[in-house]
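K.L.:
Got a structure here, written out as structure tokens. Questions coming.
The values are calculated or read from the model by the stated rules, or taken from the named source; none is laboratory data. Everything numeric in this text was worked out from a predicted model, so none of it was measured. A quick note on method: Cβ atoms are made from the backbone with ideal geometry, for glycine too, and the neighbour counts reach across all protein chains shown. In case anyone asks, the SASA skips ligands and DNA or RNA and just uses the protein heavy atoms, side chains included. Shrake-Rupley method; radii C 1.70, N 1.55, O 1.52, S 1.80 Å.
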Number of protein chains: 2
Amino acid sequence: MSEKDYTFKEAMLFSQRIGQLSKALWKAVEKDWQLWIKPYDLNINEHHILWISYHLKGASISDVAKFGVMHVSTAFNFSKKLEERELLAFSKRDTDKRNTYVELTPKGEALMQEMIEKYHDTPHAVIDGSMPLKELYGKFPEFLDIMAVIRNIYGDDFMEIFEASFKNIESKFSEKNQIIVATEKNENVL
Amino acid sequence: MSEKDYTFKEAMLFSQRIGQLSKALWKAVEKDWQLWIKPYDLNINEHHILWISYHLKGASISDVAKFGVMHVSTAFNFSKKLEERELLAFSKRDTDKRNTYVELTPKGEALMQEMIEKYHDTPHAVIDGSMPLKELYGKFPEFLDIMAVIRNIYGDDFMEIFEASFKNIESKFSEKNQIIVATEKNENVL
């Protein structure tokens, strides 16, 4: 745009709103996240790398950096530390020789699984704080306006990785439910 | 709540959404903010303290800490540095002897005014990223669902400070517009 389609006052009010709320929200998320990962001797960046690798079933370092909103060097250095702890393995893909990929080792996979199972052992202020909206609307808020802003800032690639991680959660939990249903059926037969 | 009113899958999907989007949004806000304050040799915490003091017309250290989402010791230490630079002054209030208050000095006030005037000299990805929503709805998004979540996490006090800062922006810019209107009227008379 060559001309500003808003007044200075609108820009200041909006800047104040998005600045304050994004800081307050992130600090609450960060606190929940730190409490959750505390027993596992991981920092947030390390856990985020494992989390991304888990949900994307392996990812290039540049995808980890993009989706983790961290520098490529940060993504690489922390991935190296996770490799030393045998939680992550580096590889090259035949279809893409130029990028370095990381994927979880069986030990890393087991750790992620354990952490998901222990998710509710620590408090999550953002979940508790969203419950009144869930009760009102019948589902957790989707924050579609924020998602639209993020799509505009980070691009479609970022949102595709976002969607891929959702699909993985959907499918993992469907499998799990099917196993439970199957087990119940077997019990009925016996 | 004694029982969880949501499934594990819902919690995981929501956790993934709010975790990713709050990190991505905050990192974008942080980058814009750093570019804006770069010429002034201030870090984000220091600028945030000045900003809060400016909009609340003086504030207690505990209000600065609460609204700035920082530790009281961080708020205090950075306020001391700003006092050394003669941007901020400490005081006690007769009505509240127990708390320490900070307020901008004339030099601090002038700096805030200059920074507001230069706001558009640096890029603001979050404003650009919100323009399609502004065009669609005729105004910048208000993110009311996120505001509701933050109210539940941080309490009504936090939101009152939020509203006070909005009112200050409203009134400052109304004064300014009145001055512009008054000047124009004088020009017409002359």
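Matching residues to (1) under 12 Å from B:ILE161 (Cα atoms); (2) within 15 Å of the chain's Cα centre (by Cα); (3) part of a helix (DSSP H, G or I):
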{"site": "B:LYS38", "(1), (2), (3)": "no, no, yes"}
{"site": "B:ASN45", "(1), (2), (3)": "no, yes, yes"}
{"site": "B:PHE67", "(1), (2), (3)": "yes, yes, yes"}
{"site": "B:ASN77", "(1), (2), (3)": "no, no, yes"}
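K.L.:
Which of the following residues is more than 7 Å from chain A (Cβ to nearest Cβ), modelled with pLDDT of 95 or more and surrounded by fewer than 18 Cβ atoms within 10 Å (Cβ to Cβ): B:SER79, B:SER73?
P.N.:
So the residue among B:SER79, B:SER73 that is more than 7 Å from chain A (Cβ to nearest Cβ), modelled with pLDDT of 95 or more and surrounded by fewer than 18 Cβ atoms within 10 Å (Cβ to Cβ) is B:SER73.
K.L.:
State all residues of the stretch B:132-155 that are at the interface with chain A (Cβ under 7 Å from one of its Cβ atoms) and part of a helix (DSSP H, G or I); if no residue qualifies, say none.
P.N.:
Correct list: B:PRO132, B:LEU133, B:LYS134, B:ASP145, B:ILE146, B:MET147, B:ALA148, B:VAL149, B:ILE150, B:ASN152, B:ILE153, B:TYR154.
K.L.:
Quick one: in the stretch B:149-172, which of the residues that are crowded, with 17+ Cβ neighbours inside 10 Å and of a type in the set (Phe, Trp, Tyr) is modelled with the lowest pLDDT?
P.N.:
B:PHE162
K.L.:
Report whether or not B:LEU42 is closer than 30 Å to B:VAL102 by Cβ, open to solvent by less than 60 Å² (accessible area, probe 1.4 Å) and more than 10 Å from chain A (Cβ to nearest Cβ).
P.N.:
yes
K.L.:
Any residue that is touching a residue at least 24 places away in the same chain (Cβ under 8 Å) and open to solvent by 20 Å² or more (accessible area, probe 1.4 Å) - is there at least one of those in the stretch A:1-8?
P.N.:
Scanning the stretch A:1-8 turns up no residue that is touching a residue at least 24 places away in the same chain (Cβ under 8 Å) and open to solvent by 20 Å² or more (accessible area, probe 1.4 Å).
K.L.:
Let me ask you something else. Using the structure shown, decide if A:GLU117 is more than 21 Å from B:GLU10 (Cα to Cα) and either open to solvent by 30 Å² or more (accessible area, probe 1.4 Å) or modelled with pLDDT of 95 or more (or both).
P.N.:
No; evaluated as a whole, the condition is false for this residue.
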